[in-house]
1. How big is the accessible area of Asp86 in square angstrom, nearest 10, if you roll a 1.4 angstrom probe over the protein chains?
2. Keeping every protein chain in place, order Tyr42, Tyr60, Tyr25 by accessible area at 1.4 Å, biggest value first, i.e. largest first.
Amino acid sequence: MPGRKTVEIDKLKLKQLIEERGFNYSSLANEIGVDKESIRNYVLNETIQPSLPVFKMMCYTFGISEDELKKKEPVAKSAVSQIIEDTRTADAV
């Protein structure tokens, strides 16, 4: 759907929250107003992401902040860490 804003979520975190909070796909779907296949896809399909309103309902239902469910970008090595690693590699040669 063009123009639909989606949010890239941490799928492992979503799966963990579903299990920890005693939900299954059907019960979470009923709670936030989507079908259970949507929940299944959010957990299992890497390319399918929830819309912004669905994402916000998930966070509200789980009682978590939006940042907790958003996918985290890998943290790049800091310049200092890279220098230390380069020095260790050079010393080993």
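The values are calculated or read from the model by the stated rules, or taken from the named source; none is laboratory data. Predicted model, so just to flag it, every value in this text is computed and none were measured. Only protein heavy atoms, including side chains, enter the accessible area calculation; ligands, DNA and RNA are left aside. Shrake-Rupley method; radii C 1.70, N 1.55, O 1.52, S 1.80 Å.
1. Spelled out: Asp86, probe radius 1.4 Å, area about 80 Å².
2. Tyr60, Tyr25, Tyr42
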